[in-house]
Every structure is written in C-alpha cells, then in structure tokens.
Amino acid sequence: MTLPASLPWIEKLIAAQSISQTSNRPVLDLLAAEFEAHGLTPHYTYSEDGERANLFVTVPAADGGTDGGVVLSGHTDVVPVEGQAWTVTDPFTPLVKDGKLYGRGASDMKSFIGSAMWLLPQLREAELARPVHFAFSYDEEIGCVGAPAMVKDFKARGINPDFAVIGEPSMMQVISAHKGAHRGRVTFKGIAKHASLGPHGVNALAQAAEFITFFEQLAGHWRKNGPFDEGFVVPYSTGGVNFARGGIQYNIVGEHVVLEYDFRTVPQMTTDEVLALVEAKIADDLLPALKERAADAEALAGAAPGEFVDAVGITHELLAAVPALGTADGAEIIALANEWAGRPGSMEAQKVTYGTEAGQFALYGGVQAVVCGPGDIAQAHTPNEWIELAQIEACDRFMLKVLEWASQE
C-alpha cells in the first residue's frame, strides 16, 4: 500500500500533544524548526498568559513580495480525550490500519497542517509569482480564541492576502458560508434568606427565569421571522440558555445564579445586533426589576437604606464570538478552491451550521475565505478519531495545485 507523502508530518503532529487551553508549544516547536530550516522566521501572537501562541509565516514571491497570495490556515489544538474509550490506539500514538489513520487530531485538523508542511520545501524551491502564507492558531476548540489576534496582527504589519483556505474537515468539499457561533454568561446576584422569610430576600432565580424566557422568545422570533438563508439545514438563527447553576437548597432564597447561552447566527445577522437586544433586556427590564424587588425587601427586613439595593446586580459577559462566514456566490476563491480540489470550472459550495475561523479571516482581515480540508467532521472529537488515507492524498494533491497556482504569472 502506498502511503500519503505527507503522512510522516501528520504523525509527528498527532504525537505532539496540544490539547485546548494547555500549551501548544510541542506543535509550535516542530513547525518553527521546519520554517527556520528553510530560512523563514515565524511571527508569533500570544495568549494572555503566554502559554499558547499563534504562528504566522509568509513564503514570499520570488521578487520578495508578501502582498496578496493565499493563506493556508489550521488550528493546532485538539479536544481532550478524558473519558473517551480509545480501543484502537493510544490517542497520541498515530496508527495506520485498514486504509485509515487513527489518532487525536487525525481528522480535526492535523492532517491539513501536515499536508501544508509537506508542501513547504516545494514552495521554497519554486519561483513563486505569489506568496503563500501559513497561519496556525491556538484554542480554536474553545471558541476560536486565538485567530483574531493573528489576523489583526498580520493586517497591521501590512500583509494583505487575497484568499484564505481554512482546512477544517470537509471531505475536501468547498464551504463558502457558515453560521456565527457565540457563547455568553449572565450572572444574577440576589439576597439570601430562609424561605420562611422569603419576602425579606431577593430571589435571583426569578430574574434568571425571566432571562431564560426572553431568550426562548428571541429564538422563536428568529424561527418565525428570519432572516432566512435556505442554504443552511436550519435556515434561520438559533439560540438558547443551555446551562444554569444556582441556589443552595429548596428552603433558602436563591442568592446566586449563573446562566450560559448559545446563539448561532446566519451571515445576514451580526453579533452586535443580538448583543444589543440582550444588553437592553438586562438594563431596561431585568436589572430595574431586581433593584425594585431589593428595595421592597430592604424595607421589610429593616435593613439600612441601600444595603440590599446596592448588593444585588446582573453581569453579562460575551465568552466567545465566532463571526459567521458569508463568502459571496461567485467569489473567485470558490472557483480557485474547487480547481485546487480537482473540480475545475465548478462554482459549487456548501453552507454548514458549525463555526470556524474562516469568518474571522473575512471579518478582521478582509480576505475571501472558504473552508476546505480532508476528513469528515463526523469523526472530529470522537474516540478512535480517524481519517481515510485517501482523504490525505486528496489534500496533498490540493496542495500541489496551490503550488502550481502560486507559481503562475
């Protein structure tokens, strides 16, 4: 059996553990050493604690130019393996068996990164007419946390790629649009009292319930009124409060509640317009009602003026905001990516409900972006994660087509 040419690189990347929210230095060290061996200097942007980093490298055109060209982008982190029943191999010991490669990240998405790194020596040997950029991020799996800083940084340094391919597993199909993915947290602070003195306390759970109802109504409005995009399986924006924690026990007025919500927006809707609705609900309705209830309890309990009113409150945090991708029908990158994937002349592209970093390249970098990578998203994050070797071979062929394009005047 002939193995994919990029397989050795992929195997090294799988063995280099880089679980989200832990250091991705093992992967970065491998990548940086290879770039430096080819005379290229990696550029880093770091997480707040300095433990994780994005890596960006440009292979310039033969004339030294770094403007334009294409970005090959992937995330270096993988999801945890704790609690999963890995029976074929250790998660970080890559194994080829029955036409498949097993290991954490085999599908999502170290095969794409390995294929890109396999291309690197060939790029350095070629007379490039256009630059090729490599962009590898951290902590994508917890909300595409790392990529925005990297994109904003290369823009600030005057690097303006024309196109970007984000190599999430898509079975090498071109994806031109995906929904935005967002996560927020709302914390409610009341006043605890024994339940027999309930009117002397302020029940934070009651206001939290109001927020849950509000969010259900908001999602219902989207479902009924849109905006709609029939290219998606679920053609409207969705959302809900999917996590709640609060109270101590049944006979104590609930003092503290934490809610976390999720919403997924079609490209026709912005993050800011949803956040404005959430903030208005809190500021104009929920918080005044909470303060009014606290003033009543304060008077009934004989507390000092302001003691309860000043103690209660609501805080709102946006924990993750992955912008939607909405590359226009007919965009040049759709034709290019299809050509590189072996479908010359095709403008076919799909829309998916999950989020990727592609929307960040488009929003913050002004880059025409698509998602196209080897493997099946259904295998991502699973125990015994695998990818078909044929998919890796298809990605290697894709990379060679990128090389051919970058070499053409």
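Taking the solvent-accessible surface of protein heavy atoms with a 1.4 Å probe, what is the per residue accessible area of region 313-370 in Å²?
On a per-residue basis, region 313-370 sits at 40 Å².
By its C-alpha gyration tensor, with a ≥ b ≥ c as the square roots of the eigenvalues, how is the chain shaped: rounded for a/c under 1.5, else prolate for a/b larger than b/c, else oblate?
prolate
I'd like the distance between the alpha-carbon centres of region 272-315 and region 107-165, rounded to an integer number of Å.
Measuring centre to centre over Cα atoms gives 47 Å.
Among the lysines in the chain, how many pairs, 8 or more places apart or on different chains, have alpha carbons under 18 Å apart?
Going through the chain pair by pair, I get 11.
Given the -39500 (n - 2.57) contribution per DSSP H run of 4+ residues, what per-residue ellipticity at 222 nm results for the chain, rounded to the nearest 500 deg cm²/dmol?
Numbers: 10 runs with 132 residues, N = 409.
Calculated mean residue ellipticity at 222 nm is -10500 deg cm²/dmol.
In debye, nearest 20: dipole of the chain around its Cα centre with unit charges on the Cβ of K, R (+) and D, E (-)?
The dipole magnitude comes to about 460 debye.
When ranked by the protection proxy of mean other Cβ atoms within 10 Å per residue, highest first, what sequence do the peptides 308-315, 13-20 form?
13-20, 308-315
Using only alpha carbon pairs under 8 Å that are at least six residues apart, calculate the relative contact order of the chain and give it in whole percent. Could you put the intermediate results ahead of the total?
On the way: 925 pairs, mean separation 102.7, N = 409.
Contact order relative to length: 25 percent.
Check each of the GluC sites (Glu not before Pro) in region 174-258 and keep only those in coil by DSSP with at most 11 other C-beta atoms within 10 angstrom; list them in order.
Of the GluC sites (Glu not before Pro), the ones in loops of region 174-258 whose Cβ has at most 11 other Cβ atoms within 10 Å are E230.
Near the amide H of R52, under 5 Å away, which other amide H atoms are found, from residues 5 or more places off or on another chain, if H is placed in the peptide plane?
Residues meeting the criterion, in which the H sits 1.01 Å from N, are S47.
Ranked highest first by average number of other Cβ atoms within 10 Å, how do 117-124, 378-385 line up?
Per-residue mean Cβ counts within 10 Å order the peptides as 117-124, 378-385.
Work out, step by step, the length gained on full extension between K155 and L400: first 0.36 nm times the residue separation, then minus their alpha carbon distance; give nm to one decimal.
My answer for the length gained is 85.5 nm.
To the nearest 10 square angstrom, how much accessible area does T93 have with a 1.4 angstrom probe?
T93 has an accessible surface of roughly 70 Å² with all protein chains in place.
Could you sort the peptides 157-166, 284-293, 100-109 by per-residue average Cβ neighbour count (10 Å cutoff), highest mean leading? Each step should come with its number before you reach the end.
On the way: 157-166: 20.5, 284-293: 15.9, 100-109: 27.6.
Highest mean packing first, the order is 100-109, 157-166, 284-293.
The values are calculated or read from the model by the stated rules, or taken from the named source; none is laboratory data. Everything quoted here is computed from the prediction, not taken from an experiment. In this analysis, Cβ positions are derived from the backbone assuming ideal geometry, glycine residues included, and neighbour counts consider all displayed protein chains. In case anyone asks, the SASA skips ligands and DNA or RNA and just uses the protein heavy atoms, side chains included. Shrake-Rupley method; radii C 1.70, N 1.55, O 1.52, S 1.80 Å.
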